[in-house]
Each structure stands twice: as structure tokens, then as C-alpha cells.
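Report on one structure; see the data block that follows.
The values are calculated or read from the model by the stated rules, or taken from the named source; none is laboratory data. Quick caveat: nothing in here was measured; it's all calculated off a predicted structure. As a convention, Cβ positions derive from the backbone with ideal geometry for all residues, glycine included, and neighbour counts pool all protein chains shown.
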Amino acid sequence: MRWVTYDGGAGLRTGVLDGETVRGLRAGVSLLSLVEAGGEALAEASGTARRAPDEVRPLADVRLCAPLPRPPSLRDGLCFLDHLRGCYRALGRSEELHPAWSRGPAFYFSNPSAVVGPYDDVPVAPGSRMFDLELELGAVIGRAGRDLDPVTAESHIVGYTLLNDWTARDHQVRDLALGIGMGKSKDSAVTLGPALVTVDELEEYRHDGRLALELRATVNGEELTRGSPADMDWTFGELLAYVSRGVDLTPGEVIGSGTVPGGCLLEHVDTPDMAAFRRWLRPGDIVALHGQGLGQTRQTVVAGTDVIPLRPGL
């Protein structure tokens, strides 16, 4: 099923996509509550949506929101090591990676309250002049688990969604200098959507145990990159096994794949002075992500708010 959260003018509703229509469940049922209730509840709800929906609305008459507007947790991995090499190359650094990158996947915690929908405008992060996109695949946990086995961990995923990890690269320079992880560079917006596509819907794209669907990103209609989660250096099973060491994964949590190689503007920087790069996102730019079986997002970058100084000159 392709589950969506939508607003038809009377608040958020949950439904399933059926061609150019949305088959909605009764008001008050959230997709998160269904995922938390488990596979049987989700299957029963899908049957209701197919046979006896509370409403059927033309897709053109509703606004699709993030399928999980406020997930319980949002982690982002870095499982495509060629993305990191591409960033190093653009910055004039050696592409040789520290041995730690081959010993296990990396991730950081992102901001669930910054989640935006697939067609929402996205403001530039306050004070940023180097605003960027990141093309990713998000996995949604459907079954709780702890200390998962990498061989079976993917069975805890209920479905997938496109994910755009918007990034203020100039703020990231300061975050990295502080040495305590990502901060304001990753705090302004994360796109999820347009739908939560259940695992069974994507089986046709699974080859040799990996999802071989195509992911693409465009800026103002110009293709930036294309790639596939089949090329991840660390699989979702390995990422989930690492993330779950000593902690509980709970239904509804979202875990990103990391950026598809070439799927951010940073990898395309062609000048020693990053600030002089002319392709950083500006108000009016249109960013779209496309995924086989997943649909597409399309968002307009708009002006952000002014920065309130912490102190004079800061």
C-alpha cells in the first residue's frame, strides 16, 4: 500500500493512494498510530480503505503532507561512501577515507519537528548562503527491536519514503569545527513523502536481496544525479543492526540511507571558495526527488527568516 497523510480542508487525515484518488480513513486515525499498532492493524486498515473508505477524494483536491508528520525519532545514516568521497573531492581533499568508515555505518540524530511535506515550500535556513539538498531513501520501522541481527534486521522495516535532508553547508563548517556532531546545519527541514510505501509494494525492485529501484534529484528541471540503494556500502540491515545496539527501535522511527552519490550540490562545487559557488539553492529554486515505486517530491525554496544576533556582531 501507498499510505499518505493528507489535508482536505478539515485537518489531517490518513488514507491510501489509489491512482488519482485518495481513499481516506475516518478522522482521528493517524498513520503513526496504525504503524505502532502493528502489521495486523495496518492490514485491517488497508482493507477498510479499499472496501469501505470514509471518503474518496481526488488527489488534486487535497494537500499531501509528510506521511509521518512527527516521527518519534529521525536518524540519518551515511551508507554511500562515494558521497563522502565526492564531498572530499569537491573540497580539494584526499578521497582516502579513515579506516573507521569501513568498520561500521555512521549516523546522527536529526530533528523530527523539522519534518515537512513533499510539496511544501522550504525556507532557507536562517543566515545561510550555502543551502543544499540531499537525495536519500528513508526506512520506517514497523516492528520494535533491539540488538538486531544484520541478516534479519530489514524485516523490521514496514516501508520506505523519499527523504531530503536539507543542509546549510556554511553552518555545517561551524558544526564540524565544534566537533560534537551536526547542529544547526541539519536543523531547518527534512522532507518525507509523498507516501509511505510498504515493503511488499517494492518487491519487484528487489534483486539479490537489495532494493534496486532508481532514485533521482533535479534542481529547476536539471538532473543532478541518479543512483540506487542497491549501491549502498552499508545495507539497511547493517545500519539497523548498528543503530539498535543497546537501544530499542520503535515503530514509526525513520532512518535515512544517507545521500546518493552526487545527490547534493556540495559534491558539485567547482571553486576553491565554496561561498563563491553559484549553484547553492536560492529562493525560487525548485527541487524535486524521484523514486521508482515511491513517487516524487517537488518543493520551492523560499526566503528564510533573519538571524537575531546572540550578541553584538554574533
*Of these, 16, 4, which one is over 22 Å from residue 190 (Cβ atoms) and assigned to a strand (DSSP E or B)?*
16
*May I ask you to list the residues in segment 191-209 that are at pLDDT below 95 and either crowded, with 16+ Cβ neighbours inside 10 Å or acidic (Asp, Glu) (or both)?*
208
*asked:* Would you confirm whether or not segment 102-113 contains a residue that is buried (at least 17 other Cβ atoms within 10 Å of the Cβ) and aromatic (Phe, Trp, Tyr)?
replied: yes
*Do any strands (runs of 3 or more DSSP E) lying entirely in segment 213-314 carry at least 3 residues that are at pLDDT 95 or above and under 26 Å from residue 4 (Cα atoms), and which ones are they?*
215-219, 254-256, 286-291, 295-302
*Within segment 9-41, how many residues turn out to be touching a helix residue (DSSP H, G or I) at 6+ places or on another chain (Cβ under 7 Å) and at pLDDT below 95?*
1
*From 231, 248, which residue is surrounded by fewer than 23 Cβ atoms within 10 Å (Cβ to Cβ), in the same structural domain as residue 136 (by TED's automatic domain parsing) and farther than 18 Å from residue 86 by Cα?*
248
*Take the residues of segment 66-80 that are surrounded by fewer than 17 Cβ atoms within 10 Å (Cβ to Cβ) and of a type outside the set (Ser, Thr, Tyr): which is farthest from the chain's Cα centre (by Cα)?*
72
*Within segment 210-228, which residues are buried (at least 20 other Cβ atoms within 10 Å of the Cβ) and more than 16 Å from residue 138 (Cα to Cα)?*
224
*asked:* Given the criteria over 30 Å from residue 19 (Cβ atoms) and modelled with pLDDT of 95 or more, does residue 89 qualify?
replied: no
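Here is a yes/no grid of residues against (1) surrounded by 15 or more Cβ atoms within 10 Å (Cβ to Cβ); (2) within 25 Å of the chain's Cα centre (by Cα); (3) within 30 Å of residue 239 (Cα to Cα); (4) acidic (Asp, Glu):
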{"position": "3", "(1), (2), (3), (4)": "yes, yes, yes, no"}
{"position": "35", "(1), (2), (3), (4)": "yes, yes, yes, no"}
{"position": "53", "(1), (2), (3), (4)": "yes, no, no, no"}
{"position": "64", "(1), (2), (3), (4)": "yes, yes, yes, no"}
{"position": "82", "(1), (2), (3), (4)": "yes, yes, yes, yes"}
{"position": "87", "(1), (2), (3), (4)": "yes, yes, yes, no"}
{"position": "92", "(1), (2), (3), (4)": "no, no, yes, no"}
{"position": "95", "(1), (2), (3), (4)": "no, no, yes, yes"}
*Output yes when any residue across segment 183-192 is in a helix (DSSP H, G or I), basic (Lys, Arg) and under 24 Å from residue 263 (Cα atoms), and no when none is.*
yes
*asked:* From the list 113, 94, 128, exactly one residue is in the same structural domain as residue 218 (by TED's automatic domain parsing) and modelled with pLDDT under 95. Which is it?
replied: 94
_Against the conditions (1) under 25 Å from residue 208 (Cα atoms); (2) buried (at least 23 other Cβ atoms within 10 Å of the Cβ), where does residue 167 fall short? Just the number, please._
(1)
